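Everything below concerns the one structure shown next.
No lab work stands behind these numbers, since they all come straight from the coordinates. Bear in mind the structure is a predicted one, so any value in this text is a computation, not a measurement. Positions of Cβ are generated from backbone atoms using ideal geometry, with glycine treated the same way; all protein chains shown enter the neighbour counts.
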Amino acid sequence: MESFPPIPAHPLLISHLLGLVFLIHVVFMNYVVAAPLLAMIYLRAKGEAGRLFARWLTAAVPVAFTFTINFGVASLLFVQVLYPERFYTANILLGAAWLGIVGMLMVAFYFAYIMQKWIANPQRSIAWSRLAGAIITVLVVGIAALMMSNYFIATEKSQWPQLVSQPWLVVKNLTFVPRLLHILIGSLAVTGLWMVWISWWRQRRGGPVAELQAFRRQGLQIATGATGLQIVVGVWFLLWLPSAAWDALFSGTFPSMVWIGGVACGLLLLGVLLAALANPDKIIWQRIATGFLFATLIGMVAGRDVIRRLAIGDDFHLASLPYRFQAEPFLTFALLLVVGLVTLLVLLRLIWRLPEKKE
Amino acid sequence: MLPYPQWNMPLAGGAMVIAAISIFHVVIAHFAVGAGLFNVLSEHRARRLGDAQLLRFIRDNSIFLIYLSFVAGAISGVGIWFSIGVVAPEATTFVIRLFVWFWAIEWVFFLLELASGYIYYFTWDRLSPRAHLAVGWVYAVSAFMSLVIINGILSFMLTPGLWPTTLNVWQAWLNPSFWPSLFMRTVSCLALAGIFTAIIATARRKVYDATARASIVSWGGRFLLPLALMPLLAVWYFRVIPVASRSLALGGAIAMTMFFLFGVILSFLVSVYAYFGMFRRSTAREINLETALLIAAIAFLATASMEFVREGIRKPYVIMNTMYSHGILVKDAEKLNREGVLAHAPWIVPDTVHYAGPVAIGEAVYRTQCLRCHEIEGYNAMVPLIREWNMPLIESALNDLHLLKAFMPPFIGTPEEKNALAIYLWTLTAEGQAWPEGPPVFDRDSTSTADSTAAAALTGGTE
């Protein structure tokens, strides 16, 4: 890598930016993974409530898709800066399957719009909407599996000689299934809390109160159940990790402490969600639960980084990578980021007080 | 030096994968930029004139923008990254590392573009006209700034300017072809916005009557009129690009010249049609969906041709004077000529299952320097190019590759590797196919070192 331009800032700065944008990516991505699935399940229920819940869920999927991609792009940008050899090698070993993500993503995204339209149209059979939901779910789970495979290949350099001819060996890794389940069940927990906030948002704008309260309760139940299950799957995942990973996760370094804090918050989240479930109209419990969820996600992002650094640590030390700080471009970026965020806040404020759209 | 494995698309080639995704993306992305300006300028006009039909049309245009640009446009943009990362990871590493803060700035504008694009559509008739126009301007400016940032990075790859000596990243970004390229792209963005106006208006005949359609299409036609500036901008552009690149487009490489002429003629035809067909209300009334789609197809071909030329005239480099199209840095060439290219390409291991001795080495060298542009069979393939060649011709070509063809990089590697490549290429010729026991003379002893080094290097560190 010495032939290429040096990293244009301290690697830890880029690493923290990566953690931040990846965290936001995960929040949106979880909704994209779980919302179509939940909408599909609600459509199986008889009556208008199921259709209404499905409609509320799918209404936000395209926007969530957009920001999943936007923050995913930023995450991949910083990954490419820090880990080009690992990342591109993993891309190339996955080859056509990696490029296939582009097509899968596009089809899934268009089906998100199609599903939204079909659910909103009472003349159309719900079977079509469920089919659209199934297509989106299969595609996004496939994308999640490919992304996970990429991460796995990137961190397992010792297995590259075998993976050259058989990239699908990643599926045989003992952590593959618990990893994937961890993503899927986590997405249900996050989406449960998304449902809570969607219900408050709609209620504030004059939506039907009784239905929205029911929607909120459903969201809390989903989040609680998924969090409980996630603890079980998390333990399963941990048990399959090699002892070196355990040592790293409990090493007492700052990222490992963040991870431990995240795990503790995850455990506490279950208790908070149970309290919120007992008091579904008291927003304070939902706020606390959301806070704990974010803390848990921060811990999970840190844990992922700990594992990655451990896996590639033999010949790679992030903090000691050579860099040459591009001060002016960085300051320009920082300034424009602030301006951009202020503009974004102004835009969000514009729509904050808008009444519910007449349907 | 070549730290990554190689990926190729059989028959089509990796470059064709990049081209297909890129051209698709460029057309949509240019439309997204042009439509931002079109929408906000049109909304000003519609509100000033009290034109309800035009307002209705902008609303239709803004949802069409979301469906096309936020899905196909955004994801194909990701697709470009994915494909260049797989096909040309060295060049991607280079431009990502060099311009990471510029990419990050572009991401900020992309974020604003998406947020304001959604809000612009979802708040029609729900915000005050002034606030709604402000949102429209946020979209228009963000989308345009996104183009400005990307333009600097793309134009750097052809004209790095003072960067190689100063290593100043601002000089890399604000390079000699930055401004002409930006103006050309802006004109293209406006033209595509105008063309899509005709498509949307004519596709919704039940919504817009003939008079409204004529008015909207005529208004959209004005956005194509800047195309008339293209010849001047092209002259400016060709003045600032390297002489070698200019020569390739203006006769040095016949395919490049043909594509260039094709692009110029198609752009000219679109601008003529814009004036005589769209701009005048009397003729704008007659435009139907089929005609609008045909014009869009012509514009697509014009854009594709020009993008092909822009990419092509960089050859033999992917980053002018810095990195050759096969991913080897110019500054590394001398070292590789001394130490061998295979010794620094840990993933390229001679295939001793299918080949033996120097042929295996030659095939490995072929993968380092030829495969990225030349599959064995298929598009721009090796076999049709050299089928009738003989060994002296191959050797001569490899000795002076860059002199024989201006768009080819020189052979890089030791004399032994060159010899091995010549033998491998000879096995692909008609003569080689008819003579399975091998060419009359070659040096088998020269290949053993590279073979063992390359094989051993695979599991070693490459950081």
- Leading residue at positive end of dipole, the range B:105-244 (Cβ point charges), from B:MET145, B:THR211, B:ILE105: B:THR211
- At what distance in angstrom do the alpha carbon centres of the range A:66-106 and the range B:8-25 lie from each other? 17 Å
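What ranking of A:VAL232, B:VAL383 emerges when the number of other C-beta atoms within 10 Å of each C-beta is taken as an exposure proxy, fewest first?
Working: A:VAL232 12, B:VAL383 16.
Starting with the residue having the fewest Cβ neighbours, the order is A:VAL232, B:VAL383.
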- Task: Counting other beta carbons within 10 Å of each Cβ, put B:ASP351, B:ASP51 in order, fewest first.
- Result: B:ASP351, B:ASP51
- Would you mind getting me the FRET efficiency between A:LEU354 and A:ILE284? Use the beta-carbon distance for r and R0 = 41 Å, nearest 0.05. 0.95
- With only helices counted (DSSP H, runs n ≥ 4, each -39500 (n - 2.57)), the per-residue ellipticity at 222 nm for the protein assembly as shown, to the nearest 500, works out to -24000 deg cm²/dmol
- Task: Treat each spin label as a single point 7 Å out from the Cα along the C-beta direction, and report the A:LEU238 to B:ARG59 distance in nm.
- Result: 5.5 nm
- Item | With Cα atoms, 0 to 90° folded angle of helix B:448-457 axis to chain B main axis | 50 degrees
- Query: What number of lysine-lysine pairs in the protein assembly as shown show an alpha-carbon separation below 30 angstrom, given a sequence spacing of 8 or more or placement on distinct chains?
  - Reply: 23
- Item | Contact order normalised by residue count of the range A:195-316, Cα under 8 Å, 6+ apart, percent | 27 percent
- Message: Compute a Gaussian network model of chain A, connecting alpha carbons closer than 10 Å, and tell me which residue from A:LEU38, A:LEU212, A:LEU321 fluctuates the most.
- Response: A:LEU321
- Item | Within the range B:201-226, backbone nitrogen closer than 19 Å to the virtual label 7 Å beyond the Cα of B:LEU68 toward Cβ | B:201-208, B:213-226
- How large is the charge dipole for the protein assembly as shown, taken about the Cα centre, if only the Cβ atoms of Lys, Arg (+1) and Asp, Glu (-1) carry charge, to the nearest 20 debye? 4200 debye
- In nm, spacing of pseudo-spin labels at B:ALA297 and A:VAL107 (7 Å Cα→C-beta vector): 2.6 nm
- If you count, for every residue in A:62-68, the Cβ atoms of partner chains within 10 Å of its Cβ, what is the mean? 4
- Query: So for B:TRP137, A:TRP56, fewest C-beta neighbours within 10 Å to most, what's the order?
  - Reply: B:TRP137, A:TRP56
- Note on the structure: Diffing the range A:253-260: the Karplus 3J(HN,Hα) column from phi (6.51, -1.76, 1.60, θ = phi - 60°), in whole Hz with x for Gly and Pro, holds 6, 4, x, 5, 5, 4, 5, 4
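Shape of chain A from its Cα gyration tensor (a ≥ b ≥ c, root eigenvalues): rounded if a/c is under 1.5, otherwise prolate when a/b > b/c, or oblate?
Values: a/c = 1.61, a/b = 1.54, b/c = 1.04.
Verdict is prolate for chain A.
Pairs of Cα atoms under 8 Å, at least six residues apart: use those to get the relative contact order of chain B, whole percent. Spell out each step's value before the answer.
On the way: 686 pairs, mean separation 82.6, N = 463.
Averaging sequence separation for qualifying contacts and normalising by length gives 18 percent for chain B.
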- Item | Highest-fluctuation residue, A:ARG217, A:ARG205, A:ARG179 considered, GNM on chain A with Cα pairs under 10 Å | A:ARG205
- Task: Measure nothing but the geometry: give the 0 to 90° angle between the long axis through the Cα atoms of B:357-369 and the longest principal axis through the Cα atoms of chain B, rounded to 10°.
- Result: 20 degrees
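Can you give the charge dipole size of the range A:9-173 about its Cα centre, rounded to the nearest 20 debye, using +1 on the beta carbon of Lys and Arg and -1 on the beta carbon of Asp and Glu? Show your work: numbers first, answer last.
Numbers: 10 positive and 3 negative charges, 121 e Å.
Computed about the Cα centre, the dipole is about 580 debye.
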- If contacts are Cα pairs under 8 angstrom and at least 6 residues apart, what is the relative contact order of the range A:1-81 in percent? 44 percent
- Which Cα, out of A:GLY207, A:GLY271, A:GLY228, lies furthest along the positive dipole direction of the range A:195-316 (beta carbon charges, K/R +1, D/E -1)? A:GLY207
- Task: Please identify which residues in the range B:292-313 have an amide N closer than 20 Å to a label point set 7 Å out from the Cα of B:ALA406, following the Cα→Cβ vector.
- Result: B:306-313
- Identify the trypsin sites (Lys or Arg not before Pro) of the range A:1-104 meeting these criteria: DSSP loop state and at most 11 other C-beta atoms within 10 Å of the C-beta. A:LYS46
- Note on the structure: Taking placed amide H atoms and a strict 5 Å upper bound, the residues 5 or more places from A:ILE7 or on another chain that come that close are A:ARG324
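Evaluate E = 1/(1 + (r/R0)^6) for B:GLU334 and B:ILE254, where r is the Cβ-Cβ distance and R0 equals 30 Å; express this FRET efficiency to the nearest 0.05.
Working: r = 32 Å, r/R0 = 1.08.
For R0 = 30 Å, the calculated efficiency reads 0.40.
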- Message: If I stretch the segment between A:SER251 and A:GLN166 completely, what's the gain in nm (0.36 nm per residue apart, minus their alpha carbon distance), one decimal?
- Response: 27.2 nm
- Task: Extending each Cα 7 Å along its Cβ direction at A:ALA214 and A:LEU267, get the distance between those two points in nm, one decimal.
- Result: 3.8 nm
- Task: Determine ³J(HN,Hα), in whole Hz, for all residues of the range B:381-393 in sequence, where each value follows from phi through the Karplus function 6.51 cos²θ - 1.76 cosθ + 1.60 and θ = phi - 60°; x replaces Gly and Pro.
- Result: 7, 6, 4, x, 5, 10, 3, 9, 7, 10, 4, x, 5
- Tabulate in residue order the Karplus-calculated ³J(HN,Hα) for the range B:243-248, using 6.51 cos²θ - 1.76 cosθ + 1.60 with θ = phi - 60°, rounded to whole Hz; enter x for Gly and Pro. 4, 4, 5, 4, 4, 4
- Task: Towards the positive end of the charge dipole of chain B, with charges on Cβ (+1 Lys, Arg; -1 Asp, Glu), say which of B:GLY194, B:TYR366, B:PRO176 has the farthest Cα.
- Result: B:GLY194
- Taking a ≥ b ≥ c as the square roots of the eigenvalues of the Cα gyration tensor of the protein assembly as shown, is the shape rounded (a/c under 1.5), prolate (a/b larger than b/c) or oblate? oblate
- Message: What's the magnitude of the charge dipole for chain B around its Cα centre, counting Lys and Arg as +1 and Asp and Glu as -1 at the beta-carbon? Answer in Debye, nearest 20.
- Response: 2700 debye
